[in-house]
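The values are calculated or read from the model by the stated rules, or taken from the named source; none is laboratory data. These figures come from a predicted structure and were not determined experimentally. In this analysis, Cβ positions are derived from the backbone assuming ideal geometry, glycine residues included, and neighbour counts consider all displayed protein chains.
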Amino acid sequence: MADPLPPAVGFVGLGRMGDPMTRRIAAAGVEVRGFDVSPDAVRALDGVVTRVDSAADAARGTGVVILMLPDSDVVERVVDDELLDALVAPVSGDGRDSATRHSRPLLVDMSSSEPLRTRALAERVASRGATLVDAPVSGGVSGARAGTLTIMVGGPSQAAERLEPLLALMGRVRHVGEVGAGHALKALNNLLSASHLLASSEAILAGRRFGLDPAVMLDAINGSSGRSGSTQNKWPNHILPGSYDSGFTASLLVKDIKIALALAEATGAPHEHAEHTVRVWSRAVEKLGPAADHTEIARWLEEQ
Ligand code: NAD
């Protein structure tokens with residue numbers, strides 16, 4: 001039986017998430033052709049990925065290229081004609097050109113991008129003979145290391161099925177709808193996550209000023225109806241120890257919740273709470289700076 005994993009993939013964006021994700025793919029025996037504009041990010045993966053000189057070079061000869069970039073602006077810049085030409089060029093040795101190849105080359109955007117821009121990009125990619133699939137993730141850097149991410153796939157079923165063995169190296173795969181659906185769901189998930197962290201931080205800081213011990217509060221809340229990922233993970237592991245080291249920046253989170261707010265506005269769904277969440281988080285990022293970890297919101301709130 002044929003190996004369901006492709007022999008090689010291109011991977012563009014070797015940052016906080018891309019690094020552990022490429023390590024898991026490479027550990028399964030798949031050659032990773034990796035590219036990042038940051039020489040440090042590439043150097044950290046010496047011996048793990050095959051170094052290439054551009055995003056187009058990463059795509060060349062693989063049939064599958066994964067993007068793990070900051071946002072839609074960067075994704076659209078990276079997916080240029082050169083990359084698409086390289087992606088649809090004949091895979092060396094398969095003797096077929098892109099028009100006769102049974103399966104179309106796949107471009108997989110695992111970044112948290114904007115769903116409407118993803119749909120528009122999918123049309124451009126399709127017109128060049130490839131298929132765009134969105135596959136954003138939740139679970140953070142620790143989930144990427146452990147291979148326990150939740151992966152929300154948007155795109156045609158056939159493409160999603162083809163990608164399943166590859167994506168399963170990184171986590172639990174859920175096909176959630178057509179192209180763009182993954183990016184929409186991911187942004188809405190992060191709106192909830194940002195709301196939970198803001199709400200739980202306000203509650204814990206109020207409790208502390210009243211004289212409660214935050215560790216005692218968390219123990220009780222985590223057995224009660226107020227629990228969330230923020231009380232079960234972010235507060236005990238990244239805020240109480242004062243390490244603020246989740247690996248996810250507040251500025252990327254603000255990008256995500258603005259996408260969710262825009263989606264609610266565009267669909268006419270209620271969004272008063274989302275507006276408030278975006279406003280408070282935006283003020284925090286202005287003060288904390290673009291590199292701050294998102295768990296530093298608790299520190300910022302305390303200083304208010
Ligand atoms: P990051 O900033 O650590 O990594 C992004 C990488 O992209 C960087 O190494 C950067 O040098 C590279 N890059 C930027 N422009 C480039 C270009 N033109 N060509 C090639 N490389 C380029 O960000 P991250 O935390 O890894 O996040 C990546 C994506 O995943 C974002 O969309 C983010 O919202 C999402 N995400 C992050 C987390 C997390 O916990 N960090 C969790 C889930 C989803």
Filter pass, L188 being touching a residue at least 12 places away in the same chain (Cβ under 8 Å) and either in the same structural domain as A130 (by TED's automatic domain parsing) or not polar (S, T, N, Q) (or both): yes
Residue identified as surrounded by fewer than 18 Cβ atoms within 10 Å (Cβ to Cβ), in the same structural domain as L169 (by TED's automatic domain parsing), closer than 25 Å to A130 by Cα and near the ligand (Cβ under 10 Å from one of its atoms) among P70, P39: P70
Some residue of the stretch 85-96 being within 11 Å of the ligand (Cβ to nearest atom) and assigned by TED's automatic domain parsing to the domain that holds V108: no
Residue list for the stretch 146-163, filter: of a type in the set (A, V, I, L, M), away from the ligand (no atom under 16 Å from the Cβ) and either over 17 Å from M68 (Cβ atoms) or part of a strand (DSSP E or B) (or both): A159, A160
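Suppose we keep only residues that are part of a helix (DSSP H, G or I) and within 18 Å of A59 (Cβ to Cβ) within the stretch 21-36. Which one would you say is nearest to the ligand (Cβ to nearest atom)?
First, the residues of the stretch 21-36 that are part of a helix (DSSP H, G or I): 21-27.
From what is left, the residues that are within 18 Å of A59 (Cβ to Cβ) are 21-22, 25-26.
Working: M21: 9, T22: 11, I25: 15, A26: 17 Å.
Among those that are part of a helix (DSSP H, G or I) and within 18 Å of A59 (Cβ to Cβ), it is M21.
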Pairs where the first residue, in the stretch 214-234, is over 11 Å from S200 (Cβ atoms) and the second is of a type outside the set (S, T, Y), C-beta under 8 Å, 6+ apart: A215/P236; A215/L240
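Do you know which residues across the stretch 262-277 are surrounded by fewer than 20 Cβ atoms within 10 Å (Cβ to Cβ), assigned to a helix (DSSP H, G or I) and among the aliphatic types (A, V, I, L, M)? Lay out the reasoning, then the answer.
Within the stretch 262-277, the subset surrounded by fewer than 20 Cβ atoms within 10 Å (Cβ to Cβ) is 262, 264-273, 275-276.
In the following step, the residues that additionally are assigned to a helix (DSSP H, G or I) were identified as 262, 264-267, 272-273, 275-276.
Passing the criteria: A262, A264, A266.
Yes/no matrix, rows are residues, columns are (1) closer than 22 Å to H273 by Cα; (2) small (G, A, S):
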| site | (1), (2) |
| --- | --- |
| V179 | no, no |
| G182 | no, yes |
| S193 | yes, yes |
| H196 | yes, no |
| S200 | yes, yes |
| A203 | yes, yes |
| F210 | no, no |
| L218 | no, no |
| R227 | yes, no |
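Look at A250 and say whether it is among the small types (G, A, S), within 24 Å of G140 (Cβ to Cβ) and either surrounded by fewer than 13 Cβ atoms within 10 Å (Cβ to Cβ) or at pLDDT 95 or above (or both).
Spelling it out, A250 is indeed among the small types (G, A, S), within 24 Å of G140 (Cβ to Cβ) and either surrounded by fewer than 13 Cβ atoms within 10 Å (Cβ to Cβ) or at pLDDT 95 or above (or both).
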Residues being within 14 Å of the ligand (Cβ to nearest atom), surrounded by fewer than 23 Cβ atoms within 10 Å (Cβ to Cβ) and assigned to a loop (DSSP other than H, G, I, E, B) - total across the stretch 164-203: 0
Output for the stretch 42-58, where each listed residue is within 14 Å of the ligand (Cβ to nearest atom), outside any loop (DSSP other than H, G, I, E, B) and either out of contact with any Leu (no Cβ under 7 Å at 6 or more places or on another chain) or closer than 13 Å to G13 by Cβ (or both): V42, R43, R51, A55, D57, A58
Long-range neighbours under 7 Å by Cβ, at least six apart or interchain, first residue more than 16 Å from L67 (Cβ to Cβ) within the stretch 120-145, second part of a strand (DSSP E or B) and within 16 Å of the ligand (Cβ to nearest atom): S138/L149; S138/T150; G139/L149; G139/T150; G139/G171; G143/L149; G143/G171
Condition check for E265: charged (D, E, K, R) and touching a strand residue (DSSP E or B) at 6+ places or on another chain (Cβ under 8 Å): no
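Mind telling me which of the residues V30, V74 ends up being within 28 Å of L253 (Cα to Cα) and at pLDDT 95 or above? If you could, list the steps in order and put the result at the bottom.
On the way: V30 fails: within 28 Å of L253 (Cα to Cα).
After applying the criteria, what remains is V74.
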Counted residues, the stretch 212-245 - those being among the hydroxyl-bearing types (S, T, Y), within 15 Å of the ligand (Cβ to nearest atom) and buried (at least 20 other Cβ atoms within 10 Å of the Cβ): 1
